[in-house]
1. Rounded to the nearest 10 degrees, what's the angle between the helix 73-82 long axis and the longest principal axis of the chain, both from Cα atoms, 0 to 90?
2. Report ³J(HN,Hα) in whole Hz for each residue of the stretch 88-101, in order, from the Karplus equation J = 6.51 cos²θ - 1.76 cosθ + 1.60 where θ = phi - 60°; Gly and Pro get x.
3. Which option, [x] 13.7, 42; [y] 14.7, 49; [z] 14.4, 43, is the value of Rg and Dmax of the Cα atoms in Å that was calculated from these coordinates?
4. Taking H placed 1.01 Å from N in the peptide plane, check which residues at least 5 places from residue 65 or on another chain put their amide H under 5 Å from its amide H.
5. How long is the gain from residue 70 to residue 85 if the chain were fully straight, where each residue apart is worth 0.36 nm and the alpha carbon distance is subtracted?
6. Quick one: net charge of residue 14's neighbours, Cβ under 14 Å, K/R +1, D/E -1?
Amino acid sequence: MDHIVYLDAKSNELGNLLIGSKTMIIRGATGRKLPYGRVEEGDLLFFINNNAEGVVKAKATVSSVFNSEKMTEDESRALVKKYQNKLQLTDKQFQKWAGKRYIVLIGITGIKEIKPFFIDKSNYGNMDDWLPVGSIGSVKK
């Protein structure tokens with residue numbers, strides 16, 4: 001499956017992924033929401049900066065996935081801290097994700113810049129920061 005992943009432009013997540021200092025993506029919530037249980041090794045991730053008006057700029061392959069069980073706030077913080085060397089979260093991002101009951105950690109490999117293209121967001125009523133798209137061709141403009 002292909003996924004559209006919105007990244008934090010202010011913290012330069014995409015730049016850090018491209019230079020290899022960041023090798024893992026995190027998502028978390030109080031409940032099991034996307035991408036929990038929906039990402040598998042070998043899936044393709046297409047990256048958009050959250051300020052880029054729907055322009056996909058890079059892609060990578062999922063190399064590992066960890067979906068946590070329900071955790072306490074302390075367990076969640078410890079998990080995020082354990083993977084901080086791969087996540088490279090800013091203090092603000094750490095505060096956003098650490099402490100969530102459910103955490104998804106997604107390792108990536110083979111990231112590369114691609115010819116930028118727009119996605120058709122009209123099929124998504126709820127614009128979240130993670131969109132499973134089946135095949136990228138179905139949303140590419």
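1. Relative to the chain, helix 73-82 is tipped by roughly 70 degrees.
2. 6, 6, 6, 4, 5, 5, 4, 4, 5, 9, 5, x, 5, 5
3. [z]
4. Under 5 Å from the amide H of residue 65 lie the amide H atoms of 107, each far enough along the sequence or on another chain.
5. Length difference between fully extended and current span is 3.1 nm.
6. Net local charge, residue 14 excluded: +1.
Quick note: the coordinates plus some simple rules give every number you see, no bench work behind them. Because the structure is predicted, anything quoted here is derived from the model rather than measured. Neighbour counts are summed over all protein chains in view; Cβ atoms, including those assigned to glycine, are modelled from backbone coordinates with ideal geometry.
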